[in-house]
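Okay, structure first, notes after.
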Amino acid sequence: MKFNKEPMIKLKDLKMSYGDKQVLKGINLEVAKGEVIGYIGPNGAGKSTTVKIMLGLVAGYTGEVKIFGQDISNGDVEYKRKIGYVPETAELYDSLTAAEYLTFIGELYGLEYNIVDKKARKLMSMFGIEDVYNSRMTSYSKGMRQKVLLISSLLHNPDILFFDEPLSGLDANSVMIVKEILKELAIQGKAIFYSSHIMEVVEKISNRIILIKEGQIVADGSFEELKHKCREGSLEEIFNQLTGFNEYKEIAENFVSVVEGV
Ligand SMILES: Nc1ncnc2c1ncn2[C@@H]1O[C@H](COP(=O)(O)OP(=O)(O)OP(=O)(O)O)[C@@H](O)[C@H]1O
C-alpha cells in the first residue's frame, strides 16, 4: 500500500469559492498516520468545507487533495471505503432500529450481515445502550443517537476519521470513553481530523492543532508549541488571541442590558 510513505492526507493550495465569496484561500497541510488533528476556527472559517471537499461531497475547488496518496479528482472513489465520518448534524433514519441502521451501513461497506450485527451489538453494549439495539431510534435521546453515529463511522475499521463535534450530547462518562477511544485509534495508526468548538477537549486529545481563520491556516503546531508562541495558558485563550477577539465582556454586558431593557 502507498500510505506507508505518503502522508494519509495532503492538501496543496486548496481554494474554494461559493459565488463571489472565497471561503478557502489556499490551505496547505499534510497529515501522517497516528496524528490527531484538532481542526478549529471561528464559525464560518471553512472547517466543514475543507472536510467535505476531502470526503468528495463538495466539488469546484482548486488545488490538490490527496488521500492515501491518491488525487481524489481522478474519479476513483475507492478511498472512501477507508474513511469514517461523523457529521455535525446527521439525519439518522429515525424509523429504523439501531440494528437495522448499523447493519445497513455495514453492508454498504461490504461487511457481512452476521459480522456487522455482532460488532454493532458489541459496540452498543460498550456504550451502555445494548438494550435499545432493537428499538426504533425515534425513541432515542440525543446522546444515544450520537453514540449510534459514532459506531456507524467505525464499523468498517477506517484508516482516516473525520469527526465534527463528535461529543455533542454525550454525558461526562461517555465523553471520557470516547476520548480514550480516540487515543487508542491514534495509537493503532489512524489519522483523526477532529473539528470542535470545545477547546478544553481539543487541547487534551490533539497532538497537533490547526487553527483556520477566514479560509487560511493561522496556526499549526502542538498545544505546547502554540502555548509557547502565544504566551497564553489555555487553548481558549490562544484561540481568542489568534482570532483577534477580546471584546467578549463588552458584548455580554451590552447583551444583558438589551435583555433587561424590555
Ligand atoms: N453550500 C454553500 N453555499 C454557499 N455558501 C456556503 C456553503 N457552505 C458553506 N458556505 C459558506 O462558507 C463559509 C465557510 O463555511 P463552513 O461551513 O466551512 O464553516 P465552518 O468553519 O465549518 O463553520 P462552523 O464552525 O460554524 O461549523 C461560510 O461563510 C458559509 O456561509
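Looking at segment 101-139, which of its residues are within 25 Å of the chain's Cα centre (by Cα), farther than 25 Å from V175 by Cβ and surrounded by fewer than 16 Cβ atoms within 10 Å (Cβ to Cβ)?
F104, E107, L108, G110
Among the candidates G75, G26, single out the residue that is farther than 30 Å from R136 by Cβ, modelled with pLDDT under 95 and of a type outside the set (F, W, Y).
None of the other options fit; the residue is G75.
Go through segment 236-257 and report how many residues are surrounded by 14 or more Cβ atoms within 10 Å (Cβ to Cβ) and not aliphatic (A, V, I, L, M).
Within segment 236-257, residues that are surrounded by 14 or more Cβ atoms within 10 Å (Cβ to Cβ) and not aliphatic (A, V, I, L, M) number 6.
May I ask you to list the residues in segment 66-98 that are free of Cβ contacts under 8 Å to residues at least 40 places away in the same chain and in contact with an Asp or Glu (Cβ under 7 Å, 6 or more places away or on another chain)?
Of everything in segment 66-98, just one residue is free of Cβ contacts under 8 Å to residues at least 40 places away in the same chain and in contact with an Asp or Glu (Cβ under 7 Å, 6 or more places away or on another chain), namely D71.
Assuming K213 fulfils every condition listed in (1) under 16 Å from G41 (Cα atoms); (2) surrounded by fewer than 16 Cβ atoms within 10 Å (Cβ to Cβ); (3) basic (K, R) apart from one, which condition is it?
The one condition K213 does not meet is (2).
Looking at (1) out of contact with any strand residue (DSSP E or B) (no Cβ under 8 Å at 6 or more places or on another chain); (2) within 21 Å of T103 (Cα to Cα); (3) not hydroxyl-bearing (S, T, Y), which one does L154 not meet, given that it meets all the others?
With (1) out of contact with any strand residue (DSSP E or B) (no Cβ under 8 Å at 6 or more places or on another chain); (2) within 21 Å of T103 (Cα to Cα); (3) not hydroxyl-bearing (S, T, Y) applied to L154, the lone miss is (1).
Does G38 count as within 16 Å of the ligand (Cβ to nearest atom), within 24 Å of K82 (Cβ to Cβ) and either out of contact with any His (no Cβ under 7 Å at 6 or more places or on another chain) or not β-branched (V, I, T) (or both)?
yes
Taking K80, is it within 16 Å of the chain's Cα centre (by Cα) and farther than 24 Å from M199 by Cβ?
So K80 passes the test.
Between residues in segment 115-130 that are in a helix (DSSP H, G or I) and residues that are of a type outside the set (A, V, I, L, M, F, W, C), which pairs lie under 6 Å by C-beta distance while being six or more apart or on different chains?
V116/T103; V116/G106; D117/T103; R121/Y133; M124/E130; M124/Y133
Kindly evaluate G44 against the criterion of being of a type outside the set (A, V, I, L, M, F, W, C), within 12 Å of the ligand (Cβ to nearest atom) and surrounded by fewer than 15 Cβ atoms within 10 Å (Cβ to Cβ).
yes
Restricted to segment 140-182, and to residues that are polar (S, T, N, Q) and surrounded by fewer than 18 Cβ atoms within 10 Å (Cβ to Cβ), which residue is farthest from E107 (Cα to Cα)?
So the residue we want is N173.
E91 - would you say it is loosely packed, with under 14 Cβ neighbours inside 10 Å and more than 16 Å from the ligand (Cβ to nearest atom)?
yes
Matching residues to (1) within 10 Å of the ligand (Cβ to nearest atom); (2) closer than 29 Å to I187 by Cβ:
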{"residue": "I9", "(1), (2)": "no, yes"}
{"residue": "K15", "(1), (2)": "no, no"}
{"residue": "D20", "(1), (2)": "no, no"}
{"residue": "L29", "(1), (2)": "no, yes"}
{"residue": "K52", "(1), (2)": "yes, yes"}
{"residue": "I72", "(1), (2)": "no, yes"}
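Please return the ranges of helices (runs of 4 or more DSSP H) entirely within segment 148-253 where 3 or more residues are in contact (Cβ under 8 Å) with a residue 12 or more places away in the chain and within 16 Å of the ligand (Cβ to nearest atom).
The helices (runs of 4 or more DSSP H) meeting that bar are 199-205, 235-242.
Just give me the residues in segment 206-262 being touching a Gly at 6+ places or on another chain (Cβ under 9 Å) and among the aromatic types (F, W, Y), in sequence order.
F223, F239
The values are calculated or read from the model by the stated rules, or taken from the named source; none is laboratory data. All values derive from a computational prediction rather than experimental measurement. Cβ sites come from the backbone with ideal geometry, for glycine too, and all protein chains shown count toward neighbours.
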